[in-house]
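Just so you know, all these numbers are worked out from the coordinates, no wet-lab data involved. Computed from a predicted model, the values in this text were never measured in an experiment. Methodologically, a virtual Cβ is constructed for each residue, glycine included, from the backbone with ideal geometry; neighbour enumeration extends over all protein chains shown.
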Amino acid sequence: GEDPQVHDSQGSNGDGSISAELSPGGHTWDRNKWNNFTIRGPSAQNSWSEVTIPLNKIEFKKNKLIGKGRFGSVVRGYHFGDVAVKFLNMDHVEDEDRLEHFKAEVASFKNTRHDNIVLCLGYCLDHSSLGIVMGLCKGRTLHSILHGPNAERVDMVAAIKYATEICQGVSYLHQKKIIHKDLRTKNIFIESKQRAVITDLGLFSMQRLRFPKRNNSMVVPKHWLAYLAPELIREIAGDLRELSFSPQSDVFSFGTIWFELITSSIPFDSNHPDMIIYSVGKGITAPLHNVATIREVKDILMRCWSFNPSDRPTFLTCNTLLNNLPKKRLDRSPSYPMVRSYESIF
Ligand code: ADP
Ligand code: MG
């Protein structure tokens with residue numbers, strides 16, 4: 001049963017497929033607002049024009065909608081190769097500061113080059129929409145592989161490989177002073193050659209943090225809370241609009257991804273959001289006693305999920321910890337049971 005208080009990405013059915021139509025007038029964006037926007041210094045202007053792709057230079061095919069998420073719709077297109085364009089819902093961008101901030105973020109996104117980070121080609125802007133043009137990811141998301149209707153078994157060798165690639169991708173981002181802010185298995189694709197590709201970096205700050213209350217309960221995207229570090233959970237509980245994401249909060253999210261990889265389940269999956277907010281804010285993490293694996297594997301998890309951000313390892317350290325896992329003992333360790341419910345701890 002789906003908890004009615006918890007909302008998934010709008011209209012998405014969880015495995016990436018969707019049947020809804022993209023509404024042509026769906027993205028409202030005031031061009032004048034954009035033109036009046038002050039660009040500070042010539043270099044900023046140059047870097048912006050370098051990354052702008054006119055919308056009419058992208059060929060959109062029939063059935064172009066891939067899916068809808070929290071920020072808008074993602075459509076398939078062609079621009080010297082297959083691309084995915086994420087059209088951002090801009091009607092909530094009221095202030096220029098936020099826009100300026102976003103502009104800086106997308107410019108740094110465009111400046112990333114790493115095997116495990118989706119290629120950002122640029123942005124397109126027309127009178128009604130702002131889109132981010134990126135490489136089209138082939139394959140399934142890690143979320144769909146682990147939890148989708150046709151879930152696949154991910155063995156320990158593959159789990160370590162994906163986790164290592166995610167670590168390498170995010171430590172590259174951190175070295176470039178980019179905080180991902182939205183590391184989730186839905187934002188990680190496993191491409192045909194078994195390569196993990198991370199999407200949606202930094203876009204989170206475009207989301208207006210507004211959690212509608214219904215029957216005195218907060219409505220939050222499904223599964224999202226499981227990735228949020230306690231210090232961020234506490235900010236939500238305090239009704240704060242801007243969450244103070246940090247490299248350490250990305251590490252906490254990575255911990256959740258590691259948990260998903262080793263258990264094929266999502267922490268607190270069956271718990272009410274209010275309960276998760278209350279418990280995680282107090283430092284409770286999903287129990288690991290049911291997870292049949294070696295101590296070293298759980299150790300990585302517990303360190304990433306440390307309550308105190310400064311106790312969490314960096315991604316470079318995570319990479320080393322993954323590398324040092326005793327592969328031989330892992331091969332002989334029993335297969336890990338699916339841990340589906342945590343109701344018992346509350
Ligand atoms: P979410 O991350 O919550 O699934 P998004 O708005 O990021 O929501 O994505 C909407 C849909 O588009 C999802 O089905 C996602 O898998 C898909 N998608 C996002 N980015 C890409 C991409 N670069 N290539 C292919 N599909 C993508
Ligand atoms: Mg996404």
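A few points about this structure:
- Set of lysines with alpha-carbon distance to Lys161 below 19 Å, sequence-local pairs under 8 removed: Lys138, Lys186, Lys193, Lys298, Lys327, Lys328
- Fully extending the segment from Glu152 to Arg234 would add 26.0 nm, taking 0.36 nm per residue of separation and subtracting the current Cα-Cα distance.
- Estimated FRET transfer efficiency when R0 is 35 angstrom, pair Lys327-His289 (beta carbons, to 0.05): 0.90
- Note on Asn63 and Arg303: the model spin-label points, each 7 Å out from Cα along the C-beta direction, lie 4.7 nm apart.
- The residues neighbouring Ser306, those whose beta-carbon lies less than 12 Å from its own, together hold a net charge of -1 under the Lys/Arg +1, Asp/Glu -1 convention.
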